[in-house]
Amino acid sequence: MRAHSSPRREHPQPLYELAPGLALARGGPGRTLNVYLLGDVVVDSGVRWSRRRLARQLAGRQLNAHLLSHAHFDHAGCSAWLCHTLGVPLWCGQGDAAAIASGRVDTHGSPWVNRLQRRLAPVTAHPVTRIMHEGDVVAGFEVLEVPGHSPGALAFWRARDRVLVCGDVLANVGLHPSRPRLVLAPAALSSDAETNRRSAGRLAGLRPRLACFGHGFAVSDPGRFASVVQQAAAASS
Ligand SMILES: [Zn+2]
């Protein structure tokens, strides 16, 4: 990183490679706040307290852009700092651009959650350089517009090896890598839970060989997705 370089930091920490061209960095302990590298593009930046952790992992890497899966406090918490420090532009989905550009990322379904977010975990505003649209390609991944958890939520899909990075459309709350427990983002945390459910259905239809989440371990069971979405639909009907 240019602004905080030191000899030790010229050698970046090795990151966990989930698939060719897809690496995992950590914005928090374990898999609580996942940050992905799609080639030379950093997806998400954890919470505002993730800065030192990310600095250790990203220092010395050649990175070219910062992309948001969605503009919530636990994904855009260090975005302004990251863009300044790396000297890279910020990209996000259309529906989230105004939120991050203004620092008002309170698009959760619950006013109480929004108040708490503004008070406890404010996000620094940063201008958006590029609006990402359905079908755009980032480091070999196709951009999918999957609104619902936030208005401009994005997922990233690579059809050739069926790898999906899905932001918070779903999360894996299972505590062990071999025992996934997938959940749809709850209504209190989503701008439109019903739209998110439809987005989840769309992602389930892709039958990803590897699905990576904003929170939790990646899942390599294509059937798991479909069954979770079916259960969620049944529970709400
Ligand atoms: Zn999240």
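Any read-out appearing in this document is the output of simple, stated calculations on the displayed coordinates, not a laboratory observation. This structure is a prediction, so every number in the text was calculated from the model and none was measured. Positions of Cβ are backbone-derived with ideal geometry, glycine not excepted, and every protein chain shown enters the neighbour counts.
If you average the sequence gap of Cα pairs under 8 Å that are 6 or more apart and divide by the length of the chain, what percent do you get for the contact order? Once divided by the residue count of the chain, the mean separation gives 16 percent.
The order of W157, W91, going from fewest to most other C-beta atoms within 10 Å of their C-beta, is W157, W91.
Taking packing as the residue-averaged number of other Cβ atoms within 10 angstrom, the listed peptides 31-39, 176-184, 120-128 run from highest to lowest as 31-39, 120-128, 176-184. Where both bridge residues fall in the chain, DSSP classifies roughly 70% of the beta bridges as antiparallel. DSSP bridge analysis restricted to the stretch 134-237 gives an antiparallel fraction near 80%, rounded to the nearest 5. Express as a percent, rounded to the nearest 5, the fraction of DSSP beta bridges in the stretch 1-113 (both residues included) that run antiparallel. Within the stretch 1-113, antiparallel bridges account for around 70 percent of the total. Does the stretch 131-237 come out rounded, prolate or oblate, given a ≥ b ≥ c as the square roots of the eigenvalues of its C-alpha gyration tensor, rounded meaning a/c under 1.5 and, failing that, prolate meaning a/b above b/c? Judged from the Cα gyration tensor, the stretch 131-237 comes out oblate (a/c at least 1.5, b/c at or above a/b). Compute the relative contact order of the stretch 98-142 as a whole-number percentage, counting only Cα pairs closer than 8 Å that sit 6 or more residues apart in sequence. With pairs under 8 Å counted, the relative contact order is 40 percent. By definition, a body whose alpha carbon gyration tensor gives a ≥ b ≥ c is oblate when a/c is 1.5 or more and a/b is not larger than b/c, and the stretch 57-146 fits this oblate description. Positive contributions from Lys and Arg (+1) and negative ones from Asp and Glu (-1), summed over other residues with Cβ under 12 Å from the Cβ of L144, come out at -2.
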